[in-house]
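K.L.:
Structure incoming, see below.
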Amino acid sequence: DTMKAQAHIKEWLRSEGRKKSWLAEQVAVNPSTVSRWMKGNLVPTPQARIILSGLVGMDVSAKETWE
């Protein structure tokens, strides 16, 4: 059973001591957009998923990992 992208990112943020607002800056989106991603209300764009994958060091680029 694969962990969802949101859970991976949440865990990564906690381990790095980073906030969602920091993540929003890195991906150049509004912090409310990151909140919607994390709640599963919105799937990041393909470009955002690529940036997120690079940041967190795991592949969260597949749309399926967010659904």
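The values are calculated or read from the model by the stated rules, or taken from the named source; none is laboratory data. Keep in mind that this is a model prediction, so the values were computed, not measured. Cβ atoms come from the backbone with ideal geometry, glycine included; neighbour counts cover every protein chain shown. Note: areas computed on protein heavy atoms with side chains; ligands, DNA, RNA excluded. Shrake-Rupley method; radii C 1.70, N 1.55, O 1.52, S 1.80 Å.
K.L.:
In the stretch 21-54, what residues are touching a Leu at 6+ places or on another chain (Cβ under 7 Å), in a helix (DSSP H, G or I) and in contact (Cβ under 8 Å) with a residue 12 or more places away in the chain?
P.N.:
Within the stretch 21-54, Leu23, Gln26, Val27, Val34 meet the criteria.
Conditions tested, residue by residue: (1) open to solvent by 40 Å² or more (accessible area, probe 1.4 Å); (2) of a type in the set (Lys, Arg); (3) on the phi < 0 side of the Ramachandran plot.
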{"site": "Arg14", "(1), (2), (3)": "yes, yes, yes"}
{"site": "Gly40", "(1), (2), (3)": "yes, no, no"}
{"site": "Gln47", "(1), (2), (3)": "yes, no, yes"}
{"site": "Leu52", "(1), (2), (3)": "no, no, yes"}
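K.L.:
In the stretch 1-30, which residues are farther than 14 Å from Leu52 by Cα and not charged (D, E, K, R)?
P.N.:
Of everything in the stretch 1-30, those that are farther than 14 Å from Leu52 by Cα and not charged (D, E, K, R) turn out to be Thr2, Met3, Ser15, Gly17, Asn30.
K.L.:
Would you tally the residues in the stretch 54-67 being touching a helix residue (DSSP H, G or I) at 6+ places or on another chain (Cβ under 8 Å) and surrounded by fewer than 14 Cβ atoms within 10 Å (Cβ to Cβ)? Step through it out loud before you land on a result.
P.N.:
If we filter the stretch 54-67 for residues that are touching a helix residue (DSSP H, G or I) at 6+ places or on another chain (Cβ under 8 Å), which is where we start, we get 55-63, 65-66.
When the remaining residues are screened for being surrounded by fewer than 14 Cβ atoms within 10 Å (Cβ to Cβ), the result is 57, 62-63.
Here the count works out to 3.
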